[in-house]
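Contents: one structure, followed by commentary.
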Amino acid sequence: MKPYPEMISSKLPNTGISVFAVMSSMANDYKAINLSQGFPDFDCSPKLIELVSYYMKNGYNQYAPMGGVMKLREAIAEKTEYLYSASYNPENEITVTAGATQAIYTAITAFIKEDDEAIVFEPAYDSYVPAIKLNGGVPVCIPLKMPDYHIDWDEVRKMLNQRTKMIIINTPHNPTGSILTDSDMKQLERITKNTGIIIISDEVYEHIIFDGKKHQSVCRYPSLAERSLVTCSFGKTFHATGWKTGYCIAPENLMKEFRKVHQFIVFCSNSPIQHAIADFLKDKSNYEGLGEFYENKRDYFADLLEDSRFKLIPSKGTYFQLLDYSNITKDPEMVFAQKLIKEHGVGSVPVSSFYNKPLNNFILRFCFAKSEETLEKAGEILCQI
């Protein structure tokens, strides 16, 4: 059939396929070790799989309530209060979502209107800017400051104006592995005080934080929590990214607007998985040991690269490690990432792709949520480059 291109006016004319999909596809094509996309190559808990199977076999296979299975919402409320001393009502302040990315898109859609400005810190997870644009908003991209990727709050203040509707933060931070501190949160408190600015706090790696640091959730700060929607991921926490199950917590007035949109995007997420996770959350060790688990993997991967020409940029959280390759080549990041796959058999993601306007800092992101065998194979190759 002959196409009629004049009928099509793209809402995202400059947006292609996600870099994660591109690099993973290339890694598959060249049979490379895939350290690009952020998913484990090991199984989730057999106990959790047994629980999902139990609920599937016992008839829990129809629609869940729009807000999520109540016992899971109650478990989320208990976890949030236990970790952050913050109280949320399971009835009207917690919604289970089809992954955290859906929660982020829903939150942006619920509040961003035509010409509203939303501040994004770059490098940034790649869904933020397209979601803002799709809703007619204007992304205001502020670069994190090298070499430790911190926020310059004076620069943020200068960018605020009457059109600033939203600030999106992410801690621990994908792709850099940096974290926000108590000082950062207090500065955010000060600059949003007496404003109508809404905060989306992407906290999907909340349990993956290292070196004895404490995750500074906005939930810990009442004056931030009252204006914030917090998004989290069970996929990241329980090594089951393919289940696409997450949640959003927010005060009732914000959650009311969130659910208006949520019901028409997805309505609800997977029923048996929700029931299973609710049971699994009863044992706190299923998430409390996650930081130590991944810290050991981070350190193991770092030791494997000790004799390489790559420079490690400290990872304080998430399961990503940034490597500076400027001692090896001055190739642009995408060019070198493609060479790594084609010529050496290791997949990564160029950090330049996490910017609205790509920069070239000679840095690639590698996922260390892998088995020791996988990391050893990748480390051996990277040390030979």
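The values are calculated or read from the model by the stated rules, or taken from the named source; none is laboratory data. Here the structure is a predicted model, which means the values were calculated and not measured. All Cβ positions, even for glycine, are placed from backbone atoms using ideal geometry, and neighbour counts span all protein chains on display.
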Expected output for segment 65-79 (first residue more than 17 Å from Gly99 (Cβ to Cβ), partner part of a helix (DSSP H, G or I), Cβ below 8 Å, 6+ apart or cross-chain) is Lys71/His275; Lys71/Ala278; Glu74/Ala278; Ala75/Ile277; Ala75/Ala278; Lys79/Tyr287
Considering only residues that are in contact (Cβ under 8 Å) with a residue 40 or more places away in the chain and either surrounded by fewer than 19 Cβ atoms within 10 Å (Cβ to Cβ) or outside any helix (DSSP H, G or I) (or both), which ones fall in segment 339-355? Lys342, His344, Gly345, Val346, Gly347, Ser348, Val349, Pro350, Tyr355
Filter result for the condition that a residue is under 18 Å from Ala21 (Cβ atoms), in the same structural domain as Gln162 (by TED's automatic domain parsing) and not in a loop (DSSP other than H, G, I, E, B), over Thr101, Thr109: Thr101
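Does segment 229-236 include one or more residues that are part of a loop (DSSP other than H, G, I, E, B) and modelled with pLDDT of 95 or more?
No, the conditions are met nowhere in segment 229-236.
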State all residues of segment 134-188 that are farther than 30 Å from Ser9 by Cα, assigned to a helix (DSSP H, G or I) and touching a residue at least 12 places away in the same chain (Cβ under 8 Å); if no residue qualifies, say none. Trp153, Glu155, Val156, Arg157, Met159, Asp182, Asp184, Met185, Lys186, Gln187, Leu188
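Take segment 356-373 and flag every residue that is within 15 Å of Phe39 (Cα to Cα) and either more than 23 Å from the chain's Cα centre (by Cα) or assigned to a loop (DSSP other than H, G, I, E, B) (or both).
Step one: list which residues in segment 356-373 are within 15 Å of Phe39 (Cα to Cα), which gives 365-372.
Correct list: Phe368, Ala369, Lys370, Ser371, Glu372.
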Would you point out which residue out of Phe264, Phe258 is part of a helix (DSSP H, G or I) and in contact with a helix residue (DSSP H, G or I) (Cβ under 8 Å, 6 or more places away or on another chain)? Phe258
Picking from Ile104, Ile33, Ile49, Ile108, which residue would you name as being of a type in the set (A, V, I, L, M) and free of Cβ contacts under 8 Å to residues at least 60 places away in the same chain? Ile49
